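In what follows, a structure is listed as structure tokens, so that the remarks can point back to it.
What follows is calculated from the coordinates using simple rules that are stated; it is not laboratory data. Just so we're clear, the structure is a prediction, and the values are computed from it rather than from any experiment.
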Ligand SMILES: [Zn+2]
């Protein structure tokens, strides 16, 4: 049995591509249904410890809401704005 295959695509590549496409479609659908994700900066609390380590401050990343647009949703908004 030859070690190197001359086939351009190993068997199963089509299935893998389908799975990736399926996951991408799921992610897009998710971004449409739940455009907000938990803020990674404050873990959804809306506040985080200031640089002095003694005072809580409103999270600048989410404006204190604890929610942030998901990266996929931000990309969609960007694409929509360009049209
Ligand atoms: Zn935040």
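With contacts taken as Cα pairs under 8 Å at a separation of at least 6 residues, the chain carries a relative contact order of 25 percent. Radius of gyration over Kirkwood radius for the chain, both on Cα atoms: the Rg/Rh ratio is 1.29. Calculated over the stretch 36-83, the projected area of the Cα convex hull averaged across directions stands at 3.5 nm².
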